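Input: a single structure, listed below in structure tokens.
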Amino acid sequence: MKLSRFFDDLMAVYQAEIEDLKSDSEGKNVLKVRLREKAQQLPLLLPMMESNPEMLAPAFHQAFIFLNPLALEGVISKEAHQLPAWSALTKSVRLEPWAEALAKLVLKEEGGDRFLVIAAALEYLLRGHRGAQTAAPQNDQDEDEDSSDDDYDGDDGNVGRYDRDDGDDGDDRDLDEAGADWLVEQGFDRKE
């Protein structure tokens, strides 16, 4: 199925919103903390539900269990005015127990039904279900459990040129040393 223009546009901003929530200015993984804050702020954000659903949807990050991914394939192909009611998806999508109270709060509001459908579709897309219904979803929560906010060591799994072992034994250099070498090449004296 083809992704609608509505979800194509919305997915880009939702993905950016989740990325913004993942780390603080020091690069520490703070996603769990920020998602809790987003859930607490949900009542204040409700007026933005229609105009900016991507601002509220992170409160429901990883709140959905997709029992029938094909139902979501149908949803993501629709434009905003064609979306089904949330009740039409309840046999295909379930909420995690922690998100049920948030959903009740949203459903009391005008447009809440439509918003939950959008939030579920965005999570479906974010987890990478498109075109691979049997693949295991990517799970940021696993990442969060592996590194709490207090003991995060800064290792994001990316191997850098200077500061991580790449297995070549012999060509590893400390980032400070590499920086000092560069400064010398630029004509500065080496700092001892």
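The values are calculated or read from the model by the stated rules, or taken from the named source; none is laboratory data. On a predicted model such as this, the values are computed, not experimentally measured, just so you know. Using ideal geometry, Cβ is built from the backbone for each residue, glycine included, and neighbour counts are taken over all protein chains shown. When the accessible area is computed, the model is the full protein with side chains, heavy atoms only, and any ligands, DNA or RNA have been set aside. Shrake-Rupley method; radii C 1.70, N 1.55, O 1.52, S 1.80 Å.
Whole-Hz ³J(HN,Hα) for each residue in segment 36-43, computed from phi via Karplus 6.51 cos²θ - 1.76 cosθ + 1.60 with θ = phi - 60°, x for glycine and proline: what do you get?
Running phi through 6.51 cos²θ - 1.76 cosθ + 1.60 with θ = phi - 60° gives 4, 4, 4, 5, 5, 7, 3, x Hz.
Grab the beta carbon distance between Ala88 and Lys28, set R0 = 30 Å, and tell me the FRET efficiency rounded to 0.05.
Values: r = 41 Å, r/R0 = 1.35.
E between Ala88 and Lys28, to the nearest 0.05, is 0.15.
Counting only residues 5 or more places away or on other chains, whose amide H sits under 5 Å from the amide H of Ile65 once H atoms are built in the peptide plane?
Under 5 Å from the amide H of Ile65: Arg94, Leu95, Glu96.
Output ³J(HN,Hα) for segment 9-18: one whole-Hz value per residue in order, computed from phi by the Karplus curve 6.51 cos²θ - 1.76 cosθ + 1.60 with θ = phi - 60°, and x for Gly and Pro.
5, 5, 5, 4, 6, 5, 4, 5, 4, 5
At 7 Å along Cα-to-Cβ for each site, give me the label-to-label distance between Ala16 and Lys104 in nm.
About 3.6 nm, to one decimal.
How much accessible surface area, in Å² rounded to 10, belongs to the heavy atoms of Val13 with a 1.4 Å probe?
70 Å²
Which length gain, in nm to one decimal place, applies between Arg36 and Glu79 when the Cα-Cα distance is subtracted from 0.36 nm times their residue separation?
Working: separation 43, 0.36 × 43 = 15.48 nm, distance 3.00 nm.
Full extension of this stretch gives 12.5 nm more.
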